Amino acid sequence: MAAGPRPKSGSGILPVSVTLLTSAGDRLLEWRPVSPLPLLAVISTLLFAGPALAQDAGGDLPDAPSAASRPPRRRMFHLILTPHVEASAAFAPLTTGDKFRLAADHLFDRTTLLKAAASAGLSQALDSPEGFGQGGEGYGKRYGAAIANQASSDFFSRFAFPVLFRQDPRYFRAAQGTGADRLGYALTRVVKTRTDKGESDFNYSFVLGSLVSAGLSNAYYPEIDRNVSRTLRTAGLKLAVEAGLNVLKEFLPDLRGRKKKREIDQKQDPASAVPGPAL
């Protein structure tokens, strides 16, 4: 009796089930992923094992990270983690361990569950993906899928591909030029980045990371929602959201600097202080 695996191709770009058949056509086993939890567990395990694997690799890896090269934990509105490099800072490349910590910081940040809850709530209101249904069960599926999406995106875009392509996953502020120039610079950083040598390069890490993450979601999304157009829309949305965050990373420090200057001026001469928006 011969047996062999036969992938059943759905409308997505990844196999969605595997069936083991006998030579007579009888089904022995069928594997159909229905939950994002296995994928989340695998990615989390890889993230935790990353530093150990890096140490075992020996001398081909960069030296141990210095305090100067470790990305600082900056937050937007005291919530959203937004690591970036100030224009005045000297360029210091990230080590493999630094990139691992950057991905882990995002994945295990205190806002990850909140962002997943908000994403699931919005998807529930839009009934997307439709195959998840409504009610508590539908929300639970969307919540798990949102966490898995975040995990795979952080793993590939901020660790795996930056290590593979020797690119820096951080945002480097321009902080100079006209507002329009800086806006254009910020928006294009999703497709342009720096290498570990400080040179300009196409942002393979984030673009491919977004596509791979969106493609992997076909493994746990409902069959009715597994298709190329949804995969491309999801990847495009990741790029658009990141571009928006880059704009905030570029301009928000300017507003904070003005706020700090007002506070100093007010202490020196309270009568000359001009009220401004609070951040």
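Among (1) aromatic (Phe, Trp, Tyr); (2) in a helix (DSSP H, G or I); (3) closer than 27 Å to residue 174 by Cβ, there is one condition residue 155 misses while meeting the rest; what is its number?
(3)
Tell me yes or no: at least one residue of the stretch 236-247 is farther than 25 Å from residue 145 by Cβ, at pLDDT 90 or above, over 14 Å from the mean Cα position of the chain (by Cα) and not charged (D, E, K, R).
So far as the stretch 236-247 goes, yes, one or more of its residues are farther than 25 Å from residue 145 by Cβ, at pLDDT 90 or above, over 14 Å from the mean Cα position of the chain (by Cα) and not charged (D, E, K, R).
How about the stretch 168-187: which of its residues are polar (S, T, N, Q) and either without any contact (Cβ under 8 Å) to a residue 12 or more places away in the chain or crowded, with 23+ Cβ neighbours inside 10 Å (or both)? Before you say what the answer is, go through the steps one by one.
Initially, the stretch 168-187 is screened for residues polar (S, T, N, Q), giving 176, 178.
Across the stretch 168-187, the qualifying residue is only 178.
Output the residues belonging to the stretch 151-180 that are under 17 Å from the mean Cα position of the chain (by Cα) and among the polar types (S, T, N, Q).
152, 153, 157, 167
What's the number of the only condition in (1) within 17 Å of the chain's Cα centre (by Cα); (2) assigned to a helix (DSSP H, G or I) that residue 183 fails to meet?
It is condition (1) that residue 183 fails.
The values are calculated or read from the model by the stated rules, or taken from the named source; none is laboratory data. Everything numeric in this text was worked out from a predicted model, so none of it was measured. FYI the Cβ positions are ideal-geometry reconstructions off the backbone, even for glycines, and counts take in every protein chain you see.
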